[in-house]
Each structure stands twice: as C-alpha cells, then as structure tokens.
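What follows is a set of notes on a single structure, which appears directly below.
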Amino acid sequence: MIIGGSASQALAGEVAEKLDEKLCHVETKKFPDGERYYRIKDEIAPDERVIVVQSTGYPQDENMMELFFILDTLSDMNVEDIIVVSPYLGYSRQERRFKDVECISAKATARLIQAMGAKRVISINLHEQSICDLYDIPVDNLSAMPAIAEYIAQTTEDKPVVLAPDKGAINFAKEIAEVLDTDYDYLEKVRLSPEVVETKTKNISIDNRRVVIIDDIISTGGTIVNAIEILKEQGATAVDVYCVHPVLVNDAILKINAAGADNLQATNTLKSEVSGISVAQTIAQHIKSL
C-alpha cells in the first residue's frame, strides 16, 4: 500500500504505478485556522507493508506535521511495517552542533520519525551522509544522479562537460559524467594577487564546449548565477543547470535564467515549475530490492 502526502501526491502515484501497488485513498483538509485534518479511508491489514511518500520541504513544519499525522494514524491501525520515503528530508541541513546548546534539527526530526513508528527511511541525496547515523533504523540515501544523467542523454545531443560549482559537489559531476562517458571538473578560486581572485575550472578548458552544472540543492541561486557568468566569459557555448532539490526561493529561477542558463531542470523531490525529472523509478527499484 502506498500513501501519498500532500507534498508528494503525484510522485506517490508514479511510485505506486511502477511497483504495481495500490495507492491509498485519504482525506485531508485545512481548517480555517490553518490546522490540518487527516483520515485514511482504505482498510489496511496490520501485517501489510505501507510506504508513505512525503517530502518535507517548504513549508517544512506543515509537511513534517502531516507526515507525523500519517504515521500516528497507521500506528493506531496497528500497522508495523512502515517505510517513510521523504525524497527531500526537511531539517536535515544541520546534522551537528556549531554553537553551544544549539538544536541539531536533523537529530530532533530523526527521533520524532522513529517514535512515530517508521521502520525504515528512504531519502535522496541527503545533505550529509552522516545524517543516516542519527537514526536507529535503516536509512537509505539514494542518488538521483543516474536519473539526471538519463535525462541529459535523452535531451542533449552534444557531449557536455559536467561541472560542479565547487569541490564539494565534484562527486555529483563524476557520477553523471561516468554515465554519459564524458569529462567532468569543478570550479575553483585562484588568488592571482592579494586583491584579485579568479574563478575557473580546475583541470579542463570549457572553451567552445557545452557545460552542464550539477548541484544537490539550489536555494537562492547565487552560486549558480556566478558560475554561469564565469563559464560564459570563458567560452562555453551553452550552460545547462541541473539540481536534485529545487528549493529555489524568491526569484532564483528568474536570476538563473537572466544570467544566461540555456536550460534549468530539477527532479521532483520537491514540487516546482522546473521539476521535470522524476525519481519515481529510482525509488521503486530500491523498494523492490528490499
């Protein structure tokens, strides 16, 4: 049985179709004061495996609370085998303490999800792999890079250079480049003098080549805008931008397009106007392997 939360209804439907499993009927609504009502309308046997698909991005509090409502309702139905699929796992960008007496939000949400009865969590490209260690249940950190690489292969005739906007994202670039059988690199800052810093590719010239920029999260878009402008100045014939999680706050899409991006695409871990790459197959294949 597949249950789709409000943040991931379409994705839950795709996963159910690929698994050939039933999509549960639910009733949910908001009261005038903003509080949420939730009801599971189908019968679920206590020994049935239930997969709850709910991203917990913006609005994080609302989507996380709905996830807790779903899990608590399943617990009341005595369902024991519950898998939480949260492709974008909210509150996971602080997995350790930087200041004294600071809340580790990733740990707090991990405790709550476990307390609500989840037996396994599946997410995609978590901000840090160490987040998995905050749970006492299995946590599967899947990669959306194969799905993104397949999309690029189907929509791009050129063999692009796959580029990370910084060294921290180089593994994403490498993973996609290996699928596409092409080159990859990252942007680094080189200090030419005490006053002058130049940003350029580390090892590969991108002059007269198409470039694909890949990152896990794009939020404000500032880093990507800077990268696009640099790459265009250095002779890139086209710059395509891809990310896993399209947070894209405020006018990030407008800024990226205005900077000269030839294409902007993301996966559907979060709903956005550029979420054209589905991770349903990635999720379904993993669930089949369990």
Rank by packing, highest mean first: peptides 249-255, 175-181, with packing defined as the count of other Cβ atoms within 10 Å averaged across residues. 175-181, 249-255
Carbon and sulfur %, accessible surface of the chain computed with the full protein complex present, 1.4 Å: 45
Heavy-atom accessible area per residue - the range 1-95, 1.4 Å, Å²: 49
Expressed in nm to one decimal, what extension gain is obtained for the pair ASP136 and SER205 from 0.36 nm per residue of sequence separation less their Cα-Cα distance? 20.3 nm
ALA258 versus GLU128, label points 7 Å from Cα toward the beta carbon: distance in nm? 3.4
Within the range 93-214, how many lysine pairs that are 8 or more places apart, or on different chains, have C-alpha atoms less than 24 Å apart? 14
Ranked packing of 17-26, 94-103, 110-119, most packed first, by mean Cβ within 10 Å: 110-119, 17-26, 94-103
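Please sort 258-267, 42-51 by packing, taking for each peptide the average over its residues of neighbouring beta carbons within 10 angstrom, highest first.
By packing density, highest mean first, the sequence is 258-267, 42-51.
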For the range 100-249, go through all pairs of different Cα atoms, get the mean of 1/r, take its inverse, and jot down that Kirkwood value in Å. 17.2
Pulled fully out, how much extra length does the chain show between GLU21 and GLU80, if you take 0.36 nm times their separation in residues and subtract their Cα-Cα distance? 19.4 nm
Rounded to the nearest 5, the percent of DSSP beta bridges in the chain running antiparallel is 20
So with the 1.4 Å probe, I'd like the accessible area per residue for the range 123-246, rounded to whole Å². 47
Just one of (i) 46, 21, 18; (ii) 26, 22, 21; (iii) 37, 21, 17 is semi-axes √(5λ) of the Cα gyration tensor in Å calculated from these coordinates, so which is it? (iii)
At 7 Å along Cα-to-Cβ for each site, give me the label-to-label distance between LYS41 and THR155 in nm. 3.4
Alpha carbon centroid spacing (whole Å) that separates the range 2-38 from the range 253-270: 27
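With both bridge residues required to lie in the range 1-112, what share of the DSSP beta bridges run antiparallel, to the nearest 5%?
40
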Extended-chain gain in nm, criterion 0.36 nm per residue less alpha-carbon gap, ASP251 and ASP61: 66.2 nm
Euclidean distance between Cα centres, the range 89-136 to the range 60-86, Å: 16
Give the aspartates and glutamates whose C-alpha is closer than 20 Å to that of LYS232, dropping any in the same chain fewer than 8 places away, or say none. GLU157, ASP158, ASP166, ASP183, ASP185, GLU188, GLU198, ASP207, ASP215, ASP240, ASP262
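The values are calculated or read from the model by the stated rules, or taken from the named source; none is laboratory data. Please read all numbers here as calculations on a predicted model, not as lab measurements. Here Cβ is always computed from backbone atoms with ideal geometry, including for glycine, and neighbour counts include all displayed protein chains. Surface areas here come from the heavy atoms of the whole protein model, side chains and all, with no ligands, DNA or RNA. Shrake-Rupley method; radii C 1.70, N 1.55, O 1.52, S 1.80 Å.
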